[in-house]
Structure formats: structure tokens, C-alpha cells
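The values are calculated or read from the model by the stated rules, or taken from the named source; none is laboratory data. The structure displayed is predicted, hence computed values, not measured ones. Backbone-built Cβ (ideal geometry, glycine too); neighbour counts: all protein chains shown. Areas reflect the complete protein model, heavy atoms only, side chains present, ligands, DNA and RNA absent. Shrake-Rupley method; radii C 1.70, N 1.55, O 1.52, S 1.80 Å.
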Amino acid sequence: MKKEFNLLDENWVRVLLPNYTVKEVSLKEVFTHSNEYMDLAGETDTQNVAMIRLLLAIAHSGFARFDSNGDEIPLLNRDEAISRWKSYWSLGHFPEAFFKYLEEYRERFWLFHPDAPFYQANEAKKGTAFGAAKLNGEISESNNKVRIFAARSGEAKMQLTYAEAARWLLFINGYDDVSVKPSRAGLPSISIGWLGQNTIVYAIGRNLFETLMMNLVPLQNGNGELWPKPCPIWECSPRSDERKKIDPPSNPAELFTHQSRRIFLKHENGIVTGFNALGGEFFDKERVVAETMALYILNSNSAKPLRLFNDVPLWQLLDKILCNNQDTATWLRLIGIGNAGFQTCGMVYDSKLMRFVDECSKRFTANLDPNFADYISVAIELCRYITNEIGVLSYNIQMASGKQNPTELKKYEFSSNLDLIWPRFLSSSATAFEYFLRMVKQSALDFSKSLIDNASPTSFRGRIVTVNGTEKYYCTPKAYNSFLYYLNRLIPEESNDLEAVKEHLISYKADLKPKEEGE
């Protein structure tokens with residue numbers, strides 16, 4: 001195989017220009033003109049996630065090596081990292097020395113190469129064969145599952161340009177499903193790609209340079225010690241072991257270029273026609289310290305990546321983004337950025353993890369003042385209790401109507417409605433707290449009235465239900481009165497400053513007996 005399509009020089013990274021047109025540029029151009037591009041503009045948000053992690057791996061590696069003047073001075077400690085970051089930020093663009101770094105590893109950036117093709121392994125030729133439609137994340141179509149409403153049709157499904165293939169190569173490495181088969185018996189079972197196991201969140205700046213810098217977190221946990229020396233995949237010898245367990249990566253550059261799959265692109269006459277794939281490297285996913293962009297489910301003795309199973313309302317993720325010491329938010333607070341935009345992104349798979357079902361992404365702007373985080377945390381807890389009360393009301397109305405074992409409790413619908421209220425509050429300040437509470441309460445009242453309006457006439461008469469030998473009377477007026485009682489306990493008419501709301505929550509939780517929905 002001859003060398004073709006060097007990613008340093010060829011145009012393949014899609015960026016958004018100030019006039020809102022999309023342009024393909026090379027890796028060199030990204031780091032030359034990142035301050036002139038508004039954002040990445042990949043075909044999907046998940047592709048953008050895979051792309052920004054590649055760019056961040058380069059940024060981490062160059063940042064650790066060169067100061068803002070381009071002098072090669074390795075970082076030694078935490079204070080130097082903070083000082084250098086601020087110097088880069090003030091400069092407003094990456095130093096030209098980054099080209100020196102990229103040129104040093106030019107040989108590893110050939111998309112097609114006889115020995116070390118970029119993000120690929122020649123040994124993957126023996127892996128499961130897929131067509132180009134499987135590689136293309138816009139349609140992600142396997143050989144036996146044809147997508148009816150696809151973004152492409154005819155021959156266009158069966159081929160990709162080199163530029164497209166390079167972008168989707170990053171995507172499939174991070175988000176691939178589990179349809180890849182082992183080449184021999186006795187190998188460990190495969191998981192979805194590392195990015196697919198996570199819900200990713202990253203900060204967004206006014207241009208691509210700011211976005212990359214805001215997510216270049218040079219300290220462990222966002223405010224701790226300096227990371228170990230960056231070790232991206234192109235600084236390592238080519239690896240080809242199938243389904244190999246490794247130690248969790250120790251630094252972001254290594255993790256951001258982690259190879260979840262061994263892939264080999266098939267091409268002819270300047271077109272990519274498909275690929276072969278094997279399982280790649282994997283590691284224990286329990287709180288991977290080098291992951292600065294993921295959300296975690298925290299409990300007393302573990303921290304596991306949060307994976308989306310459906311389109312979760314944004315406000316339900318905010319405590320994990322803004323209040324649970326997520327690395328990027330912690331870092332931005334440390335360096336004094338008071339307000340920032342964020343993007344969340346997650347992939348949803350079918351129940352067997354054999355194909356993509358949907359991707360969920362949202363953008364929002366948040367006030368990062370540490371004092372405001374307390375307001376956000378209390379507001380989230382309050383909204384969760386009110387959402388549960390909506391679920392109880394819905395359950396009781398359905399029971400009063402004669403429905404057995406209601407399952408559709410309207411909580412998700414109401415929770416999604418709250419997403420319309422949160423953005424304005426997030427980007428404001430503590431002074432907006434009382435107004436936010438009034439909006440939440442009014443939304444709950446409006447939604448509860450819609451449930452009453454749509455209740456069946458028989459539910460107003462109600463019925464007696466016997467559960468475990470105990471009789472209970474369900475009727476819509478009783479259910480509504482109970483809902484109003486709890487709603488007014490949570491948000492009374494009187495003063496609702498932060499301390500007052502905390503007291504309301506304490507009182508509510510003390511009075512509220514452990515109950516199932518409907519009791």
C-alpha cells in the first residue's frame with residue numbers, strides 16, 4: 001500500500017466560518033487559524049466530539065512542550081501550567097511551534113500507509129467486514145439492516161471520500177456498537193466504544209481556539225497536580241492486539257486517542273468503499289481519572305460513567321456538570337471564567353447495543369460563580385421533588401379512572417417542560433432565584449390542571465382499590481388537593497430566598513413518609 005492523504009496537509013476537518021458557511025481544512029490550518037473559525041461543523045454532534053478530542057490531544061501535547069512564545073520549555077508543576085494557560089489565552093492563538101510538533105510525527109498522520117495508517121491497524125484486515133454505509137454515522141447502516149429514511153441513497157451510500165472517511169474513522173473508533181465479531185474463540189466480550197459509554201460535556205468559546213483552550217485542562221481533577229507527560233497514540237509504536245485489556249490511560253492525550261477498535265479502511269480509485277474491524281483496547285471504566293469531559297454517577301464507593309438511554313432533560317444533568325466537580329467546570333472556575341457555554345452529547349443504542357438509535361445533544365450557557373452553584377443545586381433538588389409529585393398525581397388520577405398498574409406517569413413530559421425555564425436562570429444570577437421559583441411553580445400548576453382537564457369523568461367519583469388487603473379510595477379531587485398541599489410545602493407564597501427554600505426542603509423530606517407513587 002502506498003502512502004496517501006496526509007491529514008496534516010489535506011482538507012478534511014469541517015469548521016464553521018464567521019459567515020456561517022462550512023469549510024474543510026487541514027490539521028495545520030486548524031491550529032493556524034483556530035481563532036478565525038467559529039466552531040467545528042461535522043456531520044453530527046457525536047462526530048464533533050470525536051474530532052475535538054483529537055484536536056485536544058494535539059493541543060495537550062503541544063501545550064506541555066512549548067510556551068506561548070514557541071520556546072521548548074516543558075512544564076514542571078501546577079503553577080507553571082496555570083501561568084502558561086493564561087499566556088496562551090492572552091495570545092489568542094496557538095504558537096507556530098505546534099507545527100514543529102506535528103511535523104515531527106508527520107509519518108503517523110497518513111490515512112493510508114503501508115505500516116502505520118492513521119487510527120488503524122493492518123491486522124484488522126481479518127476482522128468483520130462492513131460497507132461504507134456502516135462507517136457513515138449519518139446513516140450507520142449495516143449489511144442486513146437497511147435504513148429507509150437515510151441521508152444518502154444509491155451509490156452515495158456505498159462510498160465515502162477520503163475526507164469523509166477520516167472524520168467517520170474517529171467517530172466509529174469512539175462510538176462503535178458491539179456488532180464486531182472476534183477473529184478467534186476465547187477472547188473477552190466486546191463493549192461499545194469508550195465515547196459511547198459516556199455522556200460527554202465540553203465548554204464552548206467564541207471561536208474554535210477558545211473552545212479548545214477552555215477544554216484543555218492541564219491539571220488533574222481540574223485543580224490538582226500536573227498530568228503526567230502527554231502520550232497520544234501517534235507517539236507510541238503501532239498497536240494491533242485484539243480485545244486487549246490495558247491499564248486506564250494516565251493522561252488526557254492518551255485517553256482522547258484511545259483505540260476502542262482496530263480498523264482497516266478499504267479504498268480504491270480515491271474512494272473508501274468499506275472497512276474491516278476488530279475489538280481494540282479496553283480498561284476498567286470505574287472513574288478513569290484522565291477523562292476530563294465525561295459525566296459520572298457518584299455514590300459512596302464508586303463513580304461510573306453516565307450513559308444515556310434516552311433523551312434526558314438537560315436540568316437533570318446540571319448537578320453532574322456544574323455541582324459535582326466536573327473537571328472542565330472546575331478548571332474554568334479556577335482560571336476565573338465566570339460565564340461559559342456548554343455542549344452535552346450522548347449516543348443512544350438499542351437494547352442489545354447492536355446499532356445506534358439516536359444521539360442526544362444540548363447547548364446551554366451557565367454562570368460559573370461558585371456561590372451560584374449552591375442555588376443551582378437546591379433548584380435541581382426542588383424540581384426533582386415537584387416532578388415526583390406530578391408522577392404521584394398522574395398515578396392517582398389513573399387509578400381513580402380504573403386503570404390497573406399505571407406506568408405512564410407524565411413525569412418525563414413535565415420534566416421536559418422544565419427545560420424551557422432553566423436556560424434563562426442558568427445564565428443569570430442569584431437575584432433571579434425567586435423569579436425562577438415562581439416560574440417552576442406556575443409550570444407545575446398549569447401541568448397539573450391539564451391532567452385534571454383530561455381526566456375521565458368517572459375519576460371524579462373515584463373508586464376503592466384493595467391492595468395487600470388494605471382498601472384505599474382514589475379520586476381526582478383528592479389527588480389534586482394532595483398535590484397542591486405538597487407543592488405549597490415546597491414553594492410557599494411567602495419569601496423564597498435560598499435559605500428559606502432549603503428549610504422548605506428539609507421540612508418536606510421530614511414530613512414525607514417513604515411512599516410509592518399513589519400513596
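Residues that are in contact with a Cys (Cβ under 9 Å, 6 or more places away or on another chain), acidic (Asp, Glu) and over 24 Å from PHE98 (Cα atoms) do not occur anywhere in the range 271-289.
Within the range 309-337, restricting attention to residues that are touching a Leu at 6+ places or on another chain (Cβ under 6 Å) and at pLDDT 95 or above, the residue that is most open to solvent (accessible area, probe 1.4 Å) is ARG333. Across the range 489-514, what is the total count of residues that are open to solvent by 70 Å² or more (accessible area, probe 1.4 Å) and either closer than 17 Å to ARG384 by Cα or at pLDDT 95 or above (or both)? Summing the residues that are open to solvent by 70 Å² or more (accessible area, probe 1.4 Å) and either closer than 17 Å to ARG384 by Cα or at pLDDT 95 or above (or both) in the range 489-514 gives 7. What pairs can you find where one residue is in the range 162-174 and over 15 Å from PHE264 (Cβ atoms), the other is small (Gly, Ala, Ser) and not in a helix (DSSP H, G or I), and their Cβ atoms are less than 7 Å apart, with a gap of 6+ or different chains? What qualifies is ARG167/GLY42; PHE171/GLY137; GLY174/GLY193; GLY174/SER260.
None of ALA379, ALA373, ALA366, ALA400 is outside any helix (DSSP H, G or I) and crowded, with 16+ Cβ neighbours inside 10 Å except ALA366. Tell me, please, whether a residue that is touching a Lys or Arg at 6+ places or on another chain (Cβ under 9 Å), hydroxyl-bearing (Ser, Thr, Tyr), open to solvent by 40 Å² or more (accessible area, probe 1.4 Å) and outside any strand (DSSP E or B) can be found in the range 347-362. Within the range 347-362 (the criterion being touching a Lys or Arg at 6+ places or on another chain (Cβ under 9 Å), hydroxyl-bearing (Ser, Thr, Tyr), open to solvent by 40 Å² or more (accessible area, probe 1.4 Å) and outside any strand (DSSP E or B)), the answer is no, since none of the residues qualifies.
Could you please let me know if ARG108 is touching a residue at least 24 places away in the same chain (Cβ under 8 Å) and assigned to a strand (DSSP E or B)? Spelling it out, it is not the case that ARG108 is touching a residue at least 24 places away in the same chain (Cβ under 8 Å) and assigned to a strand (DSSP E or B). Only one entry of LEU278, LEU265 meets the criterion of being in a strand (DSSP E or B) and either open to solvent by 50 Å² or more (accessible area, probe 1.4 Å) or touching an Asp or Glu at 6+ places or on another chain (Cβ under 8 Å) (or both), and that entry is LEU278.
Looking only at residues that are assigned to a helix (DSSP H, G or I) and closer than 13 Å to PRO117 by Cβ in the range 227-262, which one is most open to solvent (accessible area, probe 1.4 Å)? Break it down into steps so the answer makes sense when it comes.
Step one: list which residues in the range 227-262 are assigned to a helix (DSSP H, G or I), which gives 233-235, 252-256.
Remaining after also requiring closer than 13 Å to PRO117 by Cβ: 233-234.
Values: ILE233: 23, TRP234: 7 Å².
Here the answer is ILE233.
In the range 403-424, of all residues being in contact with a strand residue (DSSP E or B) (Cβ under 9 Å, 6 or more places away or on another chain) and part of a helix (DSSP H, G or I), the one that is modelled with the highest pLDDT corresponds to TRP422. Within the range 36-52, one or more residues are open to solvent by 70 Å² or more (accessible area, probe 1.4 Å) and in contact (Cβ under 8 Å) with a residue 24 or more places away in the chain.
Residue count for the range 1-27 under the criterion of being of a type outside the set (Gly, Ala, Ser) and open to solvent by less than 50 Å² (accessible area, probe 1.4 Å): the result is 12.
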